[in-house]
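**Q** Please see the structure below; I have some questions.
The numbers here are math on the coordinates, done by the rules we state, and not lab data. What you see is a predicted model; the values in this text were computed from it and never measured. When we count neighbours, we look across all protein chains shown, and the Cβ atoms used for this are built from the backbone with ideal geometry, even at glycine.
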Amino acid sequence: MRAREFITEQMGRLPDTAAKPLQHTYFIPGIKNNDAYHTYRLSVAIARARANNGGYGDDMPEFTSVSAFGQNAIVAGFNDSVETVLDQALAMTDTPGGKHLVGTKPSQEPDFVNDHSIVRPFRGYPR
């Protein structure tokens, strides 16, 4: 027996036996199932819509359809050496678009961040 004899693909509408248990199930033609980013943003929007409908929207920031980084890859380094290595890697892989610095150089904490530890450093045991 050949596969085409017992495997048939139905296009269009589900049969009633399959559709009846799925009463509150929707498909979204604008978002493909292999598009993880837009699926994620839709799930965030669904959660946000419920909050807005519940009257919690007054103190929440404005919602946008894309996040600050979008679908772009993020590379974070601990020092300036990452810049040279990243340039080499982008050239090796023929990656278009280059790189864009997100933060500031050198890294700066906002004024409200406590950058001094309250724990006294341990100088070691006397010898």
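**Q** In debye, nearest 20: dipole of the chain around its Cα centre with unit charges on the Cβ of K, R (+) and D, E (-)?
**A** Taking the Cα centre of the chain as origin, the dipole is about 520 debye.
**Q** Let me ask something else about it. Scan (1) 105; (2) 136; (3) 414 for the value of volume of the Cα convex hull per residue in Å³ calculated from this model and give just the label.
**A** (3)
**Q** Taking only Cα atoms, what is the 0 to 90° angle, nearest 10, from helix 36-53's long axis to the longest principal axis of the chain?
**A** For helix 36-53, the angle is close to 90 degrees.
**Q** Pick from Arg50, Arg13, Arg41 the residue whose mean-square fluctuation is largest in a GNM of the chain, springs joining Cα atoms under 10 Å.
**A** Residue with maximal mean-square fluctuation among Arg50, Arg13, Arg41: Arg13.
**Q** Using a 7 Å offset from the Cα along the Cα-to-Cβ direction at both Ser67 and Ile46, what is the distance between the two label points in nm, to one decimal?
**A** So the two model labels end up 1.7 nm from each other.
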